[in-house]
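Here is the structure we will look at, set down as structure tokens.
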Amino acid sequence: QQQVKQSPQSLIVQKGGISIINCAYENTAFDYFPWYQQFPGKGPALLIAIRPDVSEKKEGRFTISFNKSAKQFSLHIMDSQPGDSATYFCAASMDNQGGKLIFGQGTELSVKP
Amino acid sequence: SQTIHQWPATLVQPVGSPLSLECTVEGTSNPNLYWYRQAAGRGLQLLFYSIGIDQISSEVPQNLSASRPQDRQFILSSKKLLLSDSGFYLCAWNRDFSYEQYFGPGTRLTVT
């Protein structure tokens with residue numbers, strides 16, 4: 001019930017295309033859902049996050065869509081660029097866990113020029 | 001602004017040797033601190049978290065231990081390394097009552 005399931009494991013997108021990564025969770029007590037971007041050999045960087053009281057959040061080319069009833073959320077990268085090639089992780093947290101994050105297994109995105 | 005440091009950046013250690021990885025945070029006080037391990041370039045596994053000095057919780061039983069001797073310092077240790085301890089070790093922090101968690105640059109540990 002503590003798991004966050006992420007798909008696909010890897011994704012290849014052409015430059016200018018839309019990259020979509022999906023995550024699903026079981027525990028309805030989760031109330032914070034961030035996405036992290038990680039380049040090889042670097043620590044993950046917080047990209048964008050959403051709370052369950054909104055269905056969508058957009059920051060530049062990155063959008064989180066959140067479906068509370070389906071217990072799913074997704075990251076959309078519009079106009080994908082080669083510089084977006086990285087591993088993306090979704091995560092979830094709940095207030096009574098002291099800020100601990102439960103991570104998905106990651107998606108390796110490759111954007112081809 | 002806040003900065004998180006980890007050292008060393010890379011480490012190669014023989015099986016059975018001790019380990020000490022250090023993490024420090026600058027520009028904030030009383031942060032929550034976390035140690036994660038990432039194997040094979042994928043999923044992050046939470047190892048330890050700390051809400052204050054000498055207040056450390058372990059998430060999984062393992063060959064590792066953690067200590068927090070100062071407010072902004074978090075140390076990951078082992079008395080005897082195993083091959084399975086190889087991986088990318090990440091330290092992270094967040095403010096109390098805040099969800100936003102920030103990661104350090106990581107330490108690549110190879111046990112030979």
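Of the conditions (1) crowded, with 19+ Cβ neighbours inside 10 Å; (2) at positive phi, A:G41 satisfies every one except a single condition; which number is it?
With respect to (1) crowded, with 19+ Cβ neighbours inside 10 Å; (2) at positive phi, A:G41 is out only on (1).
Scanning region B:29-68 for residues that are outside any strand (DSSP E or B) and more than 14 Å from chain A (Cβ to nearest Cβ), which turns out modelled with the highest pLDDT? Break it down into steps so the answer makes sense when it comes.
Filtering region B:29-68 for residues outside any strand (DSSP E or B) gives B:29-31, B:39-43, B:53-54, B:59-64.
Keeping just the survivors that are more than 14 Å from chain A (Cβ to nearest Cβ) gives B:29, B:53-54, B:61-64.
Details: B:S29: 89, B:I53: 91, B:D54: 85, B:P61: 68, B:Q62: 80, B:N63: 88, B:L64: 94.
Checked region B:29-68; the qualifying residue modelled with the highest pLDDT is B:L64.
Tally the residues that are part of a strand (DSSP E or B) and either hydroxyl-bearing (S, T, Y) or touching a His at 6+ places or on another chain (Cβ under 7 Å) (or both), restricting the search to region A:2-19.
Here is the first cut: in region A:2-19, the residues part of a strand (DSSP E or B) are A:4-7, A:10-14, A:19.
So of that shortlist, the ones also either hydroxyl-bearing (S, T, Y) or touching a His at 6+ places or on another chain (Cβ under 7 Å) (or both) come out as A:7, A:10, A:19.
Residues that pass the stated criteria total 3.
For B:Y102, state whether it is hydroxyl-bearing (S, T, Y), in contact (Cβ under 8 Å) with a residue 40 or more places away in the chain and open to solvent by 30 Å² or more (accessible area, probe 1.4 Å).
Details: hydroxyl-bearing (S, T, Y): yes; in contact (Cβ under 8 Å) with a residue 40 or more places away in the chain: yes; open to solvent by 30 Å² or more (accessible area, probe 1.4 Å): yes.
Yes: the conditions hold for B:Y102.
Please go through region B:17-36 and pick out each residue that is within 19 Å of B:D85 (Cα to Cα) and open to solvent by 40 Å² or more (accessible area, probe 1.4 Å).
B:P18, B:S20, B:E22, listed by residue number.
Tell me, which residue of region A:78-113 that is in a loop (DSSP other than H, G, I, E, B) and more than 10 Å from chain B (Cβ to nearest Cβ) is farthest from B:S98 (Cα to Cα)? Break it down stepwise before answering.
The initial filter retains those residues of region A:78-113 that are in a loop (DSSP other than H, G, I, E, B), namely A:78-81, A:85, A:94, A:98-101, A:104-106, A:113.
Narrowing further to those that are more than 10 Å from chain B (Cβ to nearest Cβ): A:78-81, A:85, A:113.
Values: A:M78: 29, A:D79: 31, A:S80: 30, A:Q81: 31, A:S85: 29, A:P113: 38 Å.
By that ranking, first place goes to A:P113.
Kindly provide the set of residues from region A:58-72 that are away from chain B (no Cβ under 14 Å) and open to solvent by 40 Å² or more (accessible area, probe 1.4 Å), ordered by number.
Once the filter is applied, which keeps residues that are away from chain B (no Cβ under 14 Å) and open to solvent by 40 Å² or more (accessible area, probe 1.4 Å), region A:58-72 yields A:K58, A:G60, A:R61, A:N67, A:K68, A:S69, A:A70, A:K71, A:Q72.
Go through region B:43-85 and give me each residue that's surrounded by fewer than 18 Cβ atoms within 10 Å (Cβ to Cβ), small (G, A, S) and over 20 Å from A:L46 (Cβ atoms).
Scanning region B:43-85 gives B:G52, B:S57, B:S58, B:S65, B:S67, B:S77, B:S84.
So A:L75 ticks every box in (1) more than 14 Å from chain B (Cβ to nearest Cβ); (2) out of contact with any strand residue (DSSP E or B) (no Cβ under 7 Å at 6 or more places or on another chain) but one. Which box is left unticked?
For A:L75, the failing item is (2).
The values are calculated or read from the model by the stated rules, or taken from the named source; none is laboratory data. None of the values given here were measured: they were computed from a predicted structure. Heads up, the Cβs are rebuilt from the backbone with ideal geometry, glycines too, and the neighbour counts pull from every protein chain shown. These accessible areas exclude ligands, DNA and RNA; they are computed on the full protein's heavy atoms, side chains included. Shrake-Rupley method; radii C 1.70, N 1.55, O 1.52, S 1.80 Å.
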